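The next block holds one structure in the form of C-alpha cells; read it before the comments.
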Amino acid sequence: MPKQNKTYTANDLADVHASFKTDLNLLHTAIIDVQSRISTLKRTVTHVNPQLDMHFLTLERMLDIYEQFADVRCDHYQELENKYDADYEATQEGSI
C-alpha cells in the first residue's frame, strides 16, 4: 500500500505552536520555582556563613539563562501561533 502524505492546515500548525508555547510556560514556571527555592536556601545558608554566597552565583546565572531562553522561545511560538491563526482565518473567510 503506497504511503499517503498528510496535508496540514494553518490551524494544525497553530495548534502545534500553541502546544510548544504551553510546554515552555510550564518550563518557565518550574524555573521560577527553583529560583525561589534557591533564594530561600541561599538566605538560610549565608545567614550562617556569608562566604557561601559565591557558591550560588553560577547556579543563579544558569537559571537566569534558562529563564530567558524559555521567555524568548515562548514569545516566538506565540508569534507563530498568531500567524497561523490569522492564515487559517483568512482561508476560512476566503472559502465561504
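The values are calculated or read from the model by the stated rules, or taken from the named source; none is laboratory data. Note that the structure is predicted; figures quoted are calculated from it, not measured. Neighbour counts run over all protein chains shown; Cβ positions are idealised from the backbone, glycine included. Surface areas here come from the heavy atoms of the whole protein model, side chains and all, with no ligands, DNA or RNA. Shrake-Rupley method; radii C 1.70, N 1.55, O 1.52, S 1.80 Å.
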Exercise. If you rank Lys3, Lys83, Lys21 by how much accessible surface each has, with a 1.4 Å probe, what is the order from largest down?
Worked result: Lys3, Lys83, Lys21
Problem set entry | Percent accessible area from carbon and sulfur atoms, the chain, protein chains only, probe 1.4 Å | 57 percent
Exercise. Put a dot 7 Å past each Cα toward the Cβ at Lys6 and Leu63; how far apart are the dots in nm?
Worked result: 3.9 nm
Seminar exercise, completed: Using a 1.4 Å probe on heavy atoms of the protein chains only, the accessible area for Thr9 in Å², nearest 10, reads 60 Å²
Problem set entry | Rg over Rh, two decimals, region 38-96 (C-alpha only, Kirkwood Rh) | 1.48
For this session: Can you work out the accessible area per residue across the chain, with the rest of the protein chains kept in place, probe 1.4 Å, in square angstrom?
Result: 78 Å²
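How much net charge surrounds His28 when only the other residues with a Cβ under 14 Å from the Cβ of His28 are counted, with Lys and Arg +1 and Asp and Glu -1? Working shown, then result.
On the way: positive: Lys21, Arg73; negative: Asp23, Asp33, Asp64, Glu67, Asp71, Asp75.
Combined, the nearby Lys, Arg, Asp and Glu give -4.
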Exercise. According to a simple spin-label model (label point 7 Å from Cα along Cα-to-Cβ), what is the distance in nm between Leu41 and Asp87?
Worked result: 4.3 nm
For this session: Determine the order of Thr44, Thr7 by accessible area, beginning with the largest, at a probe radius of 1.4 Å.
Result: Thr7, Thr44
Exercise. What is the distance, in nm, between label points placed 7 Å from the Cα along the Cα-to-Cβ direction at Gln78 and at Phe56?
Worked result: 2.9 nm
Seminar exercise, completed: Given the candidates Met54, Thr40, Asn25, the one whose Cα lies deepest towards the positive end of the charge dipole of the chain, counting +1 at each Lys or Arg C-beta and -1 at each Asp or Glu C-beta, is Met54
Exercise. Hey, what did the chain get for relative contact order, percent, Cα under 8 Å, at least 6 apart?
Worked result: 55 percent
Exercise. What dipole magnitude, in Debye to the nearest 20, does the chain give about its Cα centre under +1 on Lys/Arg Cβ and -1 on Asp/Glu Cβ?
Worked result: 540 debye
For this session: Report, in degrees rounded to the nearest 10, the 0 to 90 angle that the Cα long axis of helix 10-48 makes with the longest principal axis of the chain.
Result: 0 degrees
For this session: Once you have a ≥ b ≥ c as the square roots of the Cα gyration tensor eigenvalues for region 6-46, tell me rounded if a/c is under 1.5, and otherwise prolate or oblate according to whether a/b is larger than b/c.
Result: prolate
For this session: Can you tell me the 0 to 90 degree angle between the C-alpha axis of helix 54-94 and the longest principal axis of the chain, rounded to 10?
Result: 10 degrees
For this session: May I ask you to compute the full-extension gain from Val48 to Leu26, defined as 0.36 nm times their residue separation minus their alpha-carbon distance, rounded to one decimal in nm?
Result: 4.5 nm
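Report, in deg cm²/dmol and to the nearest 500, the calculated mean residue ellipticity at 222 nm for the chain, where each DSSP H run with n ≥ 4 adds -39500 (n - 2.57) and the sum is divided by the residue count.
-31000 deg cm²/dmol
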